[in-house]
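To start, the structure under review is shown below, and the notes come after it.
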Amino acid sequence: MINKESPLPIYYQLEEGIKKQIEDGVLHPGDTLPSEREYSEIYSISRMTVRQAISNLVTEGFLERKRGKGTFIAQKKFKQNLKGLTSFTEEMKKRGLEPETIMIHFNKIPASITLAGKLEIEAGTQVFEIKRIRLADGTPMAYESLYVPAHLLPELTIELAKSSIYDYAESMAGLEIGQAVQELEAVTAKKREAAMLEVKEGSPILCIMRKTRLKDGTVFEVVDSYYRADRYKFAVEMER
Ligand code: GLP
């Protein structure tokens, strides 16, 4: 794994070597990583070099540190294609995972001028303000903060919003979700988001801002979703 004659830095070679072992299935998600001491003895390299490689792999999401327990091989990242306008529930089901929602906040409020501008409604119009943690097989994946004009989903309840809002809108409220524009931005988890997503404060988070319209052009929702960067990567298809 390590070639001391190579111009590549040793920590980098170790990093690539560990990544390859994960890819080849030599190291499995959930396995404990050999200790710093073991790596340094096996390859006759300094523990500081090993530490640097490990900490880079933790930042990149290949490894996971559990306090008092050690370093583990992380679960593989989800690759979500940004082409289709899918819901969280659909994405998880497609992967054979059980979606679940923890409702943090569900309220009807009058839209502020800024929010009204985004939703293209009059300021003061009633909107649902919904904040939810989305889980897959019990693991928090994303935290969402969502606004929908209340008149579009007049019968929406907490129970329905804990399930799939897209499913409810289309199959029960008779709405036709049409298209969306998304912006993606890298942020770090603040205390509150870190607690909800069960990551350390300062961890990398992918923030996706989505504005969705119905087929007739009406704005249906504006949503900020915070995805764990150690669990997610997004793929964009491009044509020339
Ligand atoms: C994704 C999108 C959100 C959307 C949500 C609907 O998470 N980023 O913009 O509101 O899906 O999910 P569901 O239908 O599961 O409530």
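Every read-out reported here was derived from the displayed coordinates using simple, explicitly stated rules and does not represent laboratory data. Keep in mind that this is a model prediction, so the values were computed, not measured. Every residue, glycine as well, gets a Cβ built from its backbone with ideal geometry; the counts of neighbours run over all protein chains shown.
Of note:
- Evaluated with a Cβ-only charge set (Lys, Arg +1; Asp, Glu -1), the range 78-235 carries a dipole of roughly 500 debye about its Cα centre, given to the nearest 20.
- Toward the positive end of the charge dipole of the chain, with +1 on the Cβ of Lys and Arg and -1 on the Cβ of Asp and Glu, the farthest Cα among Asn56, Ile121, Ala142 is that of Asn56.
- The chain: most fluctuating residue of Arg213, Arg134, Arg65 per GNM, C-alpha cutoff 10 Å: Arg65
- Antiparallel content of DSSP bridges confined to the chain, in %, to 5: 95
- Entries in Lys77/Lys211; Lys66/Lys233; Lys162/Lys190; Lys93/Lys215; Lys77/Lys108; Lys19/Lys162 that, when Cα-Cα distance is taken, lie over 31 Å: Lys77/Lys108; Lys19/Lys162
- The range 85-137, relative contact order [Cα under 8 Å, separation at least 6], %: 43
- Computed extension gain for Glu98 through Arg65, at 0.36 nm per residue and net of the alpha carbon distance, reaches 9.4 nm.
- For the range 78-235: relative contact order, % (alpha-carbon pairs under 8 angstrom, 6 or more apart): 24
- Phi angles across the range 50-55 convert, under the Karplus curve 6.51 cos²θ - 1.76 cosθ + 1.60 with θ = phi - 60°, into 3J(HN,Hα) values of 4, 4, 5, 4, 5, 5 Hz, Gly and Pro given as x.
- Calculated from backbone phi, Karplus (6.51, -1.76, 1.60) coupling profile of the range 66-79 in Hz, x at Gly/Pro: 10, 4, x, 10, x, 10, 10, 6, 6, 5, 5, 6, 6, 9
- Other-chain or far-sequence residues with amide H under 5 Å of Phe78's (modelled H): Tyr232, Lys233
- Phi to ³J(HN,Hα) by Karplus 6.51 cos²θ - 1.76 cosθ + 1.60 over the range 218-228, Hz, x for Gly, Pro: 4, 6, 9, 7, 10, 9, 9, 10, 10, 9, 5
- Structure-based [θ]222 nm, the chain - -39500 (n - 2.57) summed over DSSP H runs of at least 4, per residue, nearest 500: -8000 deg cm²/dmol
- Sequence-separation-based contact order of the range 10-73, relative, with Cα cut under 8 Å and 6+ spacing, percent: 39
- Within the listed set Met141, Met172, Met103, the residue fluctuating most in the Gaussian network model of the chain (springs between alpha-carbon atoms under 10 angstrom) is Met172.
- Lys/Arg +1, Asp/Glu -1 at C-beta; the chain dipole; positive extreme among Ile18, Val223, Ile133: Ile18
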